[in-house]
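*Asks:* Quick one: the structure is below, and I'll ask about it shortly.
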Amino acid sequence: METLVDQFDQLGAELSALLGPVGVRTLTDEELLILTGAVERLGRTVDGARVLAAGEIGDRSRRELGPDGLAYQKGCRNAIELLERVTLIGGLTANQRLKLGRQLHPDTTLSGEALPGRFPQVAEALTAGRIGIDAAAAIVKGLQPANAHPDELAAAEAELVAAATGTHPTSTDPDPAGDPDTDPDAAPVAPLPCAADEIAIQASVWRAVIDPDGLQPSEERAMRSRMFGKGHLRDGLVRGQYALLPEIAAKLDRLFDAYLSPNTTGVFLTDAERATAEALGDDRTPDQQRHDVLAALVDGHARSGKAPSIGGASPTVLVSVKAEDLNSGRGPGWIDGLTTPISMAAVNQMTCTGGIQPVRFDSFGRIIELGTKQRVFTPAQRRAINLRDGSCICCNIPAGWTEIHHVLDWAKDGLTHTDNGVSLCWFHHRTIETSGWDIRMIRGVPHLKAPPWIDPTGTWRPASKARTDKGN
């Protein structure tokens, strides 16, 4: 045993010396890619040994063995802790190896007779280094719940292993000298090996074929587990969890795709300018863009009149702020129901959209004066502005999802009038003061000057999309 351990340690030292950073950096692009594949093939062999060893550790640490279990004897709570201590890997990796190792480990009868595991073909391919942990786990996870006949399960396993290794003959090489279908010397052609993610998809298809009745219980469990958590405020963000049914997630993804196209730089640009802007890209991450689309969806539905009313009015978020803070532009605001304050920039965005209603309190907190709502655009004004603008004037978010922004601030005597309002999506409304976009109104028509990274010329351009506009 010491000789085997010494040999492994020697191999590791030689490999480390062979793959030093200087050696890799001297390779050409093609050599680097070829070497990466070779290292991965070597890694698969090592992975097979890792899983094989983890499976054996798990088997020798079974709960039913009690004090005789390996983990117990070594002073560990379970096989995961023992594997962590021996290998210095993280608990997640140890658990992954143990779960896969248990599935591939040979079974033992009560009489002590050895039986093959449930997935012997996967075990053989993994141990031989022909597939890696990811592909093996995809096959096992995909087929393990299946309640199918053993022969059908074995056939599905064989096909998936063949797909992962690229060893399944699918056709015959054409022979210029003879008929490829009858020439005995023609060599079979195998497909390219499939990546682990592709194997996972194929495994789900195989499971549906060999165990069609198994889909219904799975969907019933999914229905019971669906949820959209309310979330908790932490570090200025409300963080939560959701579990969507696949068809709902697919619809949401398509909705995001529809409104996250590259054409988000304004229809007023020329083709050349739009190409430049698309090449530079949006500096928001895809996750941030989806957040902003969701913000627009929520606002748009709340204002649509189709959402249930609360107290006879559309769902409305209340924000309180001191009058002197609002006038000075400095200080916190407070959203009803949240304990963390929001910035004045957020307050200004919400008041620009929803208006202000002055409320005066005495020193005891009693309401002594309730003013009328101010600053808000009427539904008729909103519809007219949306019709004129067609969408957010800075991007392609639909007008019905946008907020109406006072071009000349209401606090600076800007009128709540269609000549002073424009349609902005949640993101561009929130960042209009800092993003580099400038807006001005000329005879009631919005004009935009894009940021320098989009339009270095600093040209003012009309942003109206009204069908009656002479430019349309």
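The values are calculated or read from the model by the stated rules, or taken from the named source; none is laboratory data. Remember, it's a predicted structure, so these values are computed and weren't measured experimentally. Cβ: placed from backbone, ideal geometry, glycine included. Neighbour counts: every protein chain shown. Accessible surface areas use protein heavy atoms only, side chains included; no ligands, DNA or RNA. Shrake-Rupley method; radii C 1.70, N 1.55, O 1.52, S 1.80 Å.
*Asks:* How many residues are touching a Pro at 6+ places or on another chain (Cβ under 9 Å) and at pLDDT below 90 if we restrict to region 56-104? So that I can check it myself, show each step before the final result.
*Replies:* Kept after step one, since they are touching a Pro at 6+ places or on another chain (Cβ under 9 Å), are these residues of region 56-104: 59, 73, 104.
Still in the list and also at pLDDT below 90: 59, 104.
Number of matching residues: 2.
*Asks:* Looking at (1) under 20 Å from Arg284 (Cβ atoms); (2) more than 34 Å from the chain's Cα centre (by Cα), can you tell me which one Gly444 breaks?
*Replies:* Result: Gly444 fails condition (1) only.
*Asks:* For region 442-461, what are the residues that are of a type outside the set (Val, Ile, Thr) and in contact with a strand residue (DSSP E or B) (Cβ under 7 Å, 6 or more places away or on another chain)? So that I can check it myself, show each step before the final result.
*Replies:* Our first condition is that a residue be of a type outside the set (Val, Ile, Thr); within region 442-461, this holds for 443-444, 446-453, 455-456, 458, 460-461.
The answer is Pro446, His447, Leu448, Lys449, Gly458, Trp460, Arg461.
*Asks:* Something else now. Taking the conditions exactly as written (at pLDDT below 75 and either among the hydroxyl-bearing types (Ser, Thr, Tyr) or touching a helix residue (DSSP H, G or I) at 6+ places or on another chain (Cβ under 7 Å) (or both)), does Leu280 satisfy them or not? Steps first, answer last, please.
*Replies:* Values: at pLDDT below 75: yes; either among the hydroxyl-bearing types (Ser, Thr, Tyr) or touching a helix residue (DSSP H, G or I) at 6+ places or on another chain (Cβ under 7 Å) (or both): no.
For Leu280, the condition - at pLDDT below 75 and either among the hydroxyl-bearing types (Ser, Thr, Tyr) or touching a helix residue (DSSP H, G or I) at 6+ places or on another chain (Cβ under 7 Å) (or both) - is not met.
*Asks:* Which of the residues belonging to region 420-447 are crowded, with 23+ Cβ neighbours inside 10 Å and part of a loop (DSSP other than H, G, I, E, B)?
*Replies:* Of everything in region 420-447, just one residue is crowded, with 23+ Cβ neighbours inside 10 Å and part of a loop (DSSP other than H, G, I, E, B), namely Cys425.
*Asks:* If Val209 passes every condition in (1) touching a helix residue (DSSP H, G or I) at 6+ places or on another chain (Cβ under 8 Å); (2) open to solvent by 80 Å² or more (accessible area, probe 1.4 Å); (3) among the hydrophobic types (A, V, I, L, M, F, W, C); (4) at pLDDT below 80 but one, which one does it miss?
*Replies:* Of (1) touching a helix residue (DSSP H, G or I) at 6+ places or on another chain (Cβ under 8 Å); (2) open to solvent by 80 Å² or more (accessible area, probe 1.4 Å); (3) among the hydrophobic types (A, V, I, L, M, F, W, C); (4) at pLDDT below 80, only one is false for Val209: (4).
*Asks:* Looking for something at pLDDT below 75, surrounded by 15 or more Cβ atoms within 10 Å (Cβ to Cβ) and over 19 Å from Ile439 (Cα atoms) - is there at least one such residue anywhere in region 318-328?
*Replies:* yes
Residue-by-condition table, conditions (1) modelled with pLDDT of 80 or more; (2) farther than 23 Å from Gln103 by Cβ; (3) over 31 Å from the mean Cα position of the chain (by Cα):
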{"residue": "Ala163", "(1), (2), (3)": "yes, no, no"}
{"residue": "Thr170", "(1), (2), (3)": "no, yes, yes"}
{"residue": "Pro176", "(1), (2), (3)": "no, yes, yes"}
{"residue": "Ala187", "(1), (2), (3)": "no, yes, yes"}
{"residue": "Gln202", "(1), (2), (3)": "yes, no, no"}
{"residue": "Asp213", "(1), (2), (3)": "no, no, no"}
{"residue": "Ser218", "(1), (2), (3)": "no, no, no"}
{"residue": "Phe228", "(1), (2), (3)": "yes, yes, no"}
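*Asks:* Of all the residues that make up region 405-448, how many are more than 19 Å from Arg383 (Cα to Cα) and of a type in the set (A, V, I, L, M)?
*Replies:* Matching residues across region 405-448 total 6.
*Asks:* Tell me which of these Ala71 doesn't satisfy, since it passes every other one: (1) out of contact with any strand residue (DSSP E or B) (no Cβ under 6 Å at 6 or more places or on another chain); (2) within 24 Å of Ile131 (Cβ to Cβ).
*Replies:* Ala71 satisfies all of (1) out of contact with any strand residue (DSSP E or B) (no Cβ under 6 Å at 6 or more places or on another chain); (2) within 24 Å of Ile131 (Cβ to Cβ) except (2).
*Asks:* Still on this model: Pull up region 369-417, narrow it to residues that are under 27 Å from Asn327 (Cβ atoms), out of contact with any helix residue (DSSP H, G or I) (no Cβ under 8 Å at 6 or more places or on another chain) and among the hydrophobic types (A, V, I, L, M, F, W, C), then point me to the one that is modelled with the highest pLDDT.
*Replies:* Leu415
*Asks:* Please go through region 415-434 and give me each residue that is closer than 20 Å to Pro398 by Cβ and not β-branched (Val, Ile, Thr), ordered by number. Walk me through how you get there before you give the answer.
*Replies:* First, pick out the residues of region 415-434 that are closer than 20 Å to Pro398 by Cβ: 418, 421-432.
Selection gives Gly421, Ser423, Leu424, Cys425, Trp426, Phe427, His428, His429, Arg430.
*Asks:* Follow-up question, since we're still on this one. Quick one: in region 146-161, which of the residues that are open to solvent by less than 70 Å² (accessible area, probe 1.4 Å) and over 31 Å from the mean Cα position of the chain (by Cα) is nearest to Arg41 (Cα to Cα)?
*Replies:* That would be Ala158.
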